[in-house]
Each structure stands twice: as C-alpha cells, then as structure tokens.
Amino acid sequence: MKTIILHHPQAQATSTPVHIGEGMLIELHQFIEKLGNFDGFFILHDAAVKTVAKDIASHLQKAHLISVPSGEASKSLHEVERIASSLLALGATRQSLLLNVGGGMLTDLGGFVASMYMRGIGCVHIPTTLLGMVDASIGGKTGVDLGTVKNLLGAFHHPRAVIADIRLLSTLPDTQFCEGLVEVIKIAAMLDANFLEYIEKNMKKILAKESSVLLSCIEKAVSLKVQIVEEDERDQTKRLFLNFGHTIGHAVEAVSDFTISHGKAVSIGMIAEMQLADLKGVDRMKHLLEEINMPTVIPDTCKPQTLLRAMQSDKKVISRDLRIAVPREFGKGEIITLDEERFLRTYS
Ligand SMILES: NC(=O)c1ccc[n+]([C@@H]2O[C@H](COP(=O)([O-])OP(=O)(O)OC[C@H]3O[C@@H](n4cnc5c(N)ncnc54)[C@H](O)[C@@H]3O)[C@@H](O)[C@H]2O)c1
C-alpha cells in the first residue's frame, strides 16, 4: 500500500492521507482509529455498492447505513435534506464520522452533507469507481447540481482520509472504468508526458486491471492531482489545467440532456479542443481514446450554436472569454482562449 499526503493549502496544519492499495479495507478500523475518537459511524453509500457498505459496517462498532439511489440525479438538494434528516434521526453528532462509499456522485454529495451537517463533521471517502479514486475524492470539492447546472451549490471540505482499494473496482462495468481512464489520460496529457507514454505502453494491462500496473497509474494520477491542489486549491491557475476537455465536454453533456455521460463527453471535448487549438498529437490522443472505446467526435445531435450557448453560460462564471485548457505539447498544459467563430465554422 502507498500513502500520498495532501497538505491543505488553506489550513497548513491539516492534511488528508490518500491510501492506495489492494484489499486494505479489511483493516479499515486501523485507518479510522488514527483519525481520532468518534461516537458513531454513518456509512453513506451508492445503492450499487450495498454489499461493500455492509462489509465496512461489519468492521466498525456503532455503524449505520444510509443508501442513496445510483445516478447523477441523486446529487441534489433534495437528497442533502433527506440524508441530513436521516443523520439526525439516527443520532449523528459533531463527533460522528461520515463514510462516503461510492463513485464521484456519492463522494461529492456526501462531502457536501459533511460540510454542512451541524456546521461541518468529519468524513472519509472510500471511492468505488476509478474516476472517484483519481479525481473526485481528491481536492476537497464537494457539491450538488441545481436543475441542469452541475455543481452549482458546493463547498470546499476535505475528507479526513481517502481509502482507495482497487479490489472495489472488480464489479465496476468496463465502460465506467474506461470513463475513469479518460481522466487519467487527461491529467497525464496536461502534466506528465512520461506518464502518458506509460499509459500507452501498458494499456492492455490497465484494461485487464492488472494490479501492479493499475496501482502505479492510480498512484501517479493521485500524486499529480495532489500537487495541483496544493499549488492552487481554488481554481485560479494550475487547477484550471484539469479542465482540459471539460469546456466542450460539459456542453456536450448538457446539450445531450446527460444521455452522453461525463467521461465520454470529456473524451469528445479533449479531441475537439486540441483540434481547435491546432495542436500536434491529436491523432495520438484519438488513438488512445479509441483504444478504450471512448467517442472522439461531436455527435450530429449536438448543434454547434447550442453547444456554444451552453459553454457561454458556463463562461459567465469564469471570464468574458471562453477559456480552454489544452496540452501545448504533451506534459505541458496551458490556458488559451477558444476561438468561437472558428468553433462554429468547424462544427457547422
Ligand atoms: N469533486 C471533484 O473534484 C470531482 C471531479 C470529477 C468528477 N466529479 C463528479 O463525479 C461524478 C462522476 O463520478 P463517477 O464517474 O464515479 O460516477 P458515479 O458516482 O455516478 O458512478 C457511476 C456508476 O457506477 C456505479 N458504481 C459505482 N461504483 C461501483 C462499483 N464498484 N461496482 C459497480 N458499480 C458501481 C454507480 O452506481 C453509477 O451507476 C460527477 O457528479 C462529477 O461531477 C467530481
């Protein structure tokens, strides 16, 4: 097992250990003991991983389970209220610990509940998807969607620890696993050319979920994200690099009414953004994404004008121009302005 420490930029004295390994959930109580004394454990879990949650509960005393229906629709204020009411009814106090067991949907939602319940309680993330392990559980961003606007309501609330046990990935559907790989490829393309090469060379082993290679990939992706968060927790500079593929990707997701899932939309977005920036390496990137069966072309159903409008509604939050993050060369990310005219010309 490897442990990577994330030092919280806003509170230097605190940090989050990210434990990455295989089969260490059996020793969960040891990780928890190191975090302090708690008067109760509340396991919030995605309905799809109920067995995992029950198993975790069996290793802890005074553990209660709260199930959340699978799917992005659960990342809502309605669920926040329902979960908080359950916590209250079950007797959760400020000294209780919330354990969030699930993918990015669940850790975003559970982290948000933890940030608000009694003005903030501790939580531990136990991600069960690859995307959750390498991305969503790291960095303290929590939140829920409001209508079709993703992550509109949120808070920064770092978990007390993250426990990424790759054994949990054995039940994850292949498509879901590959969607997580898209984020691994994204971070490698923006920050570390050697890592990108490693992924290319070892793709078959990664897809076969070969333990040593998969662990290396997760460890590398986590340490890159940790570096970024320590440098720029609040999306002012370097953390924006993680948006590669996401400006167009989020628009594709929204315009398709979320029928195109996040990972697939980001895959499409990465290729489109590279093409619009005239970057070398588009073919290499395309090849890599096609190898994991991810789409790389904007579907005809997503009209460019509608996509642009969706991007512009995101844009208000950031700046006047539509900014995108792209790898100028692999391993060297940069933020550039998206040429809106060219976008319309290219995709009309
Ligand atoms: N906070 C952040 O920094 C951050 C970063 C990236 C993404 N996100 C968020 O993460 C979410 C996407 O996360 P995701 O891709 O993990 O999706 P998800 O949490 O919705 O999980 C995807 C699907 O896999 C199922 N599942 C989860 N674990 C499983 C397992 N071990 N076996 C079988 N099925 C399993 C779920 O029930 C669901 O149907 C989005 O809401 C996105 O906004 C947050």
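Miscellaneous remarks
- Of residues in the range 154-181 being near the ligand (Cβ under 9 Å from one of its atoms) and surrounded by 20 or more Cβ atoms within 10 Å (Cβ to Cβ), the one farthest from residue 9 (Cα to Cα): 172
- Scanning the range 127-144 for residues that are of a type outside the set (Gly, Ala, Ser) and near the ligand (Cβ under 8 Å from one of its atoms) turns up 127, 128, 129, 130, 131, 135, 138, 141, 142.
- The range 36-69: number of residues that are within 14 Å of residue 121 (Cβ to Cβ) and either in a strand (DSSP E or B) or open to solvent by 50 Å² or more (accessible area, probe 1.4 Å) (or both): 8
- Subset of the range 91-124 [more than 9 Å from the ligand (Cβ to nearest atom) and under 12 Å from the mean Cα position of the chain (by Cα)]: none
- Positions within the range 136-153 being open to solvent by 30 Å² or more (accessible area, probe 1.4 Å) and either modelled with pLDDT of 95 or more or over 21 Å from residue 264 (Cβ atoms) (or both), in sequence order: 141, 146, 147, 152, 153
- Selection within the range 112-130 - part of a helix (DSSP H, G or I) and not polar (S, T, N, Q): 112, 113, 114, 116, 117, 118, 119, 130
- Considering each residue of the range 192-207 in turn, none proves to be surrounded by 18 or more Cβ atoms within 10 Å (Cβ to Cβ) and small (Gly, Ala, Ser).
- Residue 183 vs. criteria under 30 Å from residue 304 (Cα atoms) and part of a helix (DSSP H, G or I): yes
- Per the listing 90, 97, 106, the residue uniquely under 14 Å from residue 53 (Cα atoms) and not assigned by TED's automatic domain parsing to the domain that holds residue 180 is 106.
- Residue 96 falls short on exactly one of the conditions (1) out of contact with any Lys or Arg (no Cβ under 8 Å at 6 or more places or on another chain); (2) open to solvent by 30 Å² or more (accessible area, probe 1.4 Å); (3) small (Gly, Ala, Ser), and that condition is (2).
- Just one of the listed residues (236, 275) is assigned to a helix (DSSP H, G or I), open to solvent by 20 Å² or more (accessible area, probe 1.4 Å) and not assigned by TED's automatic domain parsing to the domain that holds residue 149, namely 275.
- Annotation note: of 296, 306, 259, the sole residue that is surrounded by fewer than 16 Cβ atoms within 10 Å (Cβ to Cβ) and outside any helix (DSSP H, G or I) is 259.
- Taking the range 75-84 as the range and being within 16 Å of the ligand (Cβ to nearest atom) and open to solvent by less than 60 Å² (accessible area, probe 1.4 Å) as the test, the residues that pass are 75, 76, 79, 80, 83.
- For the range 197-205, the count of residues that are under 28 Å from residue 170 (Cβ atoms), modelled with pLDDT of 95 or more and of a type in the set (A, V, I, L, M) is at least one.
- Scanning the range 12-24 for residues that are aliphatic (A, V, I, L, M) and either in a loop (DSSP other than H, G, I, E, B) or more than 14 Å from the ligand (Cβ to nearest atom) (or both) yields 13, 20, 24.
- Selection status of residue 194, modelled with pLDDT under 95 and either more than 10 Å from the ligand (Cβ to nearest atom) or part of a strand (DSSP E or B) (or both): no
- All of 27, 33, 72 fail the test of being of a type in the set (D, E, K, R), within 16 Å of the ligand (Cβ to nearest atom), closer than 28 Å to residue 229 by Cβ and outside the structural domain of residue 216 (by TED's automatic domain parsing), apart from 72.
The values are calculated or read from the model by the stated rules, or taken from the named source; none is laboratory data. Since the model is a prediction, treat every value here as computed from it, not as a measurement. Cβ atoms come from the backbone with ideal geometry, glycine included; neighbour counts cover every protein chain shown. The accessibility values were calculated without ligands, DNA or RNA, using every heavy atom of the protein model including side chains. Shrake-Rupley method; radii C 1.70, N 1.55, O 1.52, S 1.80 Å.
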